[in-house]
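Engineer: Dumping the structure here so I can ask a few things about it.
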Amino acid sequence: MDALHERTAVELRDLLAAGELTPTEVTEHFLDRIERLNPAVGAFATVTPERARKRAAELQETRGAGPDEGTPPSGSLWGLPTGDKDLWNRAGVPTGFGSRAFADLPPAEESDEIVQVLDDAGIVSLGKTAAPELGFPAYTEPVGAAPARTPWDLGRGAGGSSGGAAAAVAAGMLPFAPGSDGGGSIRIPAAACGVVGLKPTRGLLPAGSGVDSLGGLVVNGPIARTVADAALLLEAMLPRRAGGGVAHPYTLRAPSYAAGAYLAAAQRAELPEGAGAAGRGAARIGVTTSSAWDGFYDIAVSPEARAGLDAGVRALAAAGHVVEHTLLAEAPEYAPAFRTLWMGGASAVPIDDPETLAKLEPLTQWLIRSGREVPARRLAEAVRTLTGFERSLVAQVSAYDAVVTPALALTPRPIGWYDAEDPERNFEQQCLYTPFTSMLNVAGLPAITVPTHWTKPTTEAPAGLPMGVQIIGRPGGELTLLALAAQVEAALPRPRTFPL
């Protein structure tokens with residue numbers, strides 16, 4: 001049998017369900033990987049081995065609790081290990097929020113909703129995956145803690161804000177991991193680490209729907225090594241009622257499908273019924289390198305990013321899809337409105353004590369203080385402007401079955417590349433690296449990143465650096481995205497060997 005970390009999450013699920021593996025065996029294997037690799041990778045902010053072992057043992061005891069000792073375990077992710085992002089509370093475990101300002105914060109007494117949802121699915125949490133300060137930056141290099149590094153080159157960052165989650169998955173420290181995405185925070189690190197990252201449609205997931213964030217930007221989603229594994233985790237993040245429907249406690253919701261439909265779409269790699277504007281299962285796919293930041297910053301797509309885009313487009317064309325190059329409509333109002341909204345969201349960080357505020361990093365202080373100076377009218381105008389942009393972008397994307405962009409504009413950035421002292425320059429650098437992501441949070445559209453290309457090997461990156469594409473769907477179009485991403489993955493498989 002292959003080493004357990006070389007197995008996909010779907011394979012591990014099946015082996016656990018069949019009784020060929022126990023939760024304790026799987027937990028111990030991944031804890032060992034974390035102990036050996038985390039000092040170099042920085043994927044975990046906190047590791048909780050004893051809690052994990054206790055949880056695994058409790059799950060094992062439930063297996064024989066029914067009338068038949070061989071009764072299959074309950075929970076779609078029964079016994080599978082993962083980690084909680086260090087922006088989420090788990091009862092009894094400290095949450096650092098990626099900041100030295102919260103180093104002495106006592107553990108929460110209750111777990112956040114997303115943590116409870118995954119617990120109900122049967123997961124074993126091995127700890128907290130690293131995040132940048134309060135989740136704002138697109139890189140995970142918090143002051144006072146080890147940076148999260150892409151395992152493909154330990155001199156480069158894993159991206160952010162779900163950088164620890166993506167690094168852990170890429171290094172084989174976890175089979176998959178949940179993340180959150182307010183401006184690209186799942187897709188950016190997934191691309192930097194050569195794994196799959198899915199940002200769902202706003203309103204699809206009850207826990208992390210977007211309703212509780214300013215402008216509806218932040219949603220939760222999966223990070224995994226394969227498209228099918230990402231679909232498996234997505235399924236578990238959709239808690240079902242007894243009748244099979246998704247248990248939405250809020251009014252905002254996106255179209256959802258029957259249990260198992262997302263995983264089936266990824267495994268069959270076939271477009272869902274009704275999709276395929278070009279007919280006979282062929283999708284009409286738009287390809288663009290334009291973004292909402294064009295004209296505000298000097299956005300340039302690197303040759304490496306272009307190579308990743310070209311490889312993905314060739315794979316889709318070879319699968320029989322109709323590919324058309326397109327340009328997004330110019331949106332000069334987007335950048336100032338988004339900056340206002342981003343700062344407005346930061347203004348609500350519950351820190352009023354000057355001494356605590358002074359412990360925050362310059363970028364975070366700038367966002368918070370700038371946000372608190374924004375007049376209510378200006379914030380309302382920014383929200384109205386971005387609502388108009390949302391309608392425009394949804395209409396542009398909906399003219400196709402999907403739209404493809406580069407995942408990132410540049411290769412994974414070197415550790416320390418971002419300006420630590422000048423927040424304005426730092427913000428610009430983030431946009432230069434990730435121009436294709438935030439506009440989809442504003443529009444609430446689903447998007448998935450998948451690796452398509454590795455750069456030429458170097459001494460620092462013997463296997464090369466991962467580059468990929470972002471596939472954007474219509475609202476509720478996750479089935480189409482998963483099918484298309486699976487086709488790209490089949491044509492351009494990632495290296496079977498692990499970078500570490």
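Engineer: Kindly list, by first and then second residue, each pair from a residue in region 462-477 that is within 15 Å of residue 411 (Cβ to Cβ) to a residue that is β-branched (Val, Ile, Thr) and assigned to a loop (DSSP other than H, G, I, E, B), limited to pairs with Cβ atoms under 6 Å and residues at least 6 apart or on different chains.
Structural biologist: Going by the 6 Å Cβ cut-off, the qualifying pairs are 464/455; 465/411; 465/455.
Engineer: Still on this structure, I have one more. When you scan region 346-417 for helices (runs of 4 or more DSSP H) that lie fully inside it, which ones turn up with 3 or more residues that are free of Cβ contacts under 8 Å to residues at least 24 places away in the same chain and open to solvent by 50 Å² or more (accessible area, probe 1.4 Å)?
Structural biologist: Once the helices (runs of 4 or more DSSP H) in region 346-417 are filtered for at least 3 residues that are free of Cβ contacts under 8 Å to residues at least 24 places away in the same chain and open to solvent by 50 Å² or more (accessible area, probe 1.4 Å), what remains is 376-398.
Engineer: So in region 447-500, with the set limited to residues that are of a type in the set (Val, Ile, Thr) and outside any strand (DSSP E or B), which one is most open to solvent (accessible area, probe 1.4 Å)?
Structural biologist: 459
Engineer: Sticking with this structure for a sec: Name the residue that is most open to solvent (accessible area, probe 1.4 Å), counting only residues in region 117-137 that are part of a loop (DSSP other than H, G, I, E, B) and within 28 Å of residue 359 (Cβ to Cβ).
Structural biologist: If we take residues in region 117-137 being part of a loop (DSSP other than H, G, I, E, B) and within 28 Å of residue 359 (Cβ to Cβ), then 136 is most open to solvent (accessible area, probe 1.4 Å).
Engineer: Does residue 222 count as in contact with a strand residue (DSSP E or B) (Cβ under 8 Å, 6 or more places away or on another chain), crowded, with 22+ Cβ neighbours inside 10 Å, in a helix (DSSP H, G or I) and free of Cβ contacts under 8 Å to residues at least 60 places away in the same chain?
Structural biologist: Answer is no for this residue.
Engineer: Run down 423, 362 and say which single residue is modelled with pLDDT of 95 or more, more than 16 Å from residue 336 (Cα to Cα) and not acidic (Asp, Glu).
Structural biologist: Matching residue, one of 423, 362: 362.
Engineer: Okay, moving on. Only one of (1) of a type outside the set (A, V, I, L, M, F, W, C); (2) in a loop (DSSP other than H, G, I, E, B); (3) over 20 Å from residue 492 (Cβ atoms) fails for residue 320. Which number is that?
Structural biologist: (3)
Engineer: A further question follows. Quick one: residue 109 ticks every box in (1) open to solvent by less than 10 Å² (accessible area, probe 1.4 Å); (2) assigned to a loop (DSSP other than H, G, I, E, B) bar one, so which box is it?
Structural biologist: The single condition residue 109 does not satisfy is (1).
Engineer: Next question. I'm trying to understand the selection: among the residues of region 99-132, which are in contact (Cβ under 8 Å) with a residue 40 or more places away in the chain, over 19 Å from residue 180 (Cβ atoms) and of a type outside the set (A, V, I, L, M)?
Structural biologist: 100, 122
Engineer: Run down 37, 21, 31 and say which single residue is in contact with a helix residue (DSSP H, G or I) (Cβ under 7 Å, 6 or more places away or on another chain), touching a residue at least 12 places away in the same chain (Cβ under 8 Å) and part of a helix (DSSP H, G or I).
Structural biologist: On inspection, the qualifying residue turns out to be 31.
Engineer: Right, another one. Taking region 162-214 as the region of interest, how many residues are surrounded by 24 or more Cβ atoms within 10 Å (Cβ to Cβ) and part of a helix (DSSP H, G or I)?
Structural biologist: 15
Engineer: On the basis of being within 11 Å of the chain's Cα centre (by Cα) and in contact (Cβ under 8 Å) with a residue 40 or more places away in the chain, does residue 211 make the cut?
Structural biologist: It is false that residue 211 is within 11 Å of the chain's Cα centre (by Cα) and in contact (Cβ under 8 Å) with a residue 40 or more places away in the chain.
Engineer: Does residue 140 satisfy being under 23 Å from residue 52 (Cβ atoms), under 16 Å from the mean Cα position of the chain (by Cα) and part of a loop (DSSP other than H, G, I, E, B)?
Structural biologist: Considered against the rule, which asks whether it is under 23 Å from residue 52 (Cβ atoms), under 16 Å from the mean Cα position of the chain (by Cα) and part of a loop (DSSP other than H, G, I, E, B), residue 140 comes out as yes.
A quick yes/no check of all residues on (1) among the acidic types (Asp, Glu); (2) within 21 Å of residue 407 (Cβ to Cβ); (3) assigned to a helix (DSSP H, G or I); (4) in contact with a strand residue (DSSP E or B) (Cβ under 8 Å, 6 or more places away or on another chain):
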| site | (1), (2), (3), (4) |
| --- | --- |
| 232 | no, no, yes, yes |
| 235 | yes, no, yes, no |
| 244 | no, no, no, no |
| 256 | no, no, no, yes |
| 285 | no, yes, no, yes |
| 289 | no, yes, no, yes |
| 300 | no, yes, no, no |
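The values are calculated or read from the model by the stated rules, or taken from the named source; none is laboratory data. Keep in mind it's a predicted model, so treat the numbers as computed, not measured. Using ideal geometry, Cβ is built from the backbone for each residue, glycine included, and neighbour counts are taken over all protein chains shown. Each accessible area value is taken on the protein alone, full model and side chains, heavy atoms only, with ligands, DNA and RNA left out. Shrake-Rupley method; radii C 1.70, N 1.55, O 1.52, S 1.80 Å.
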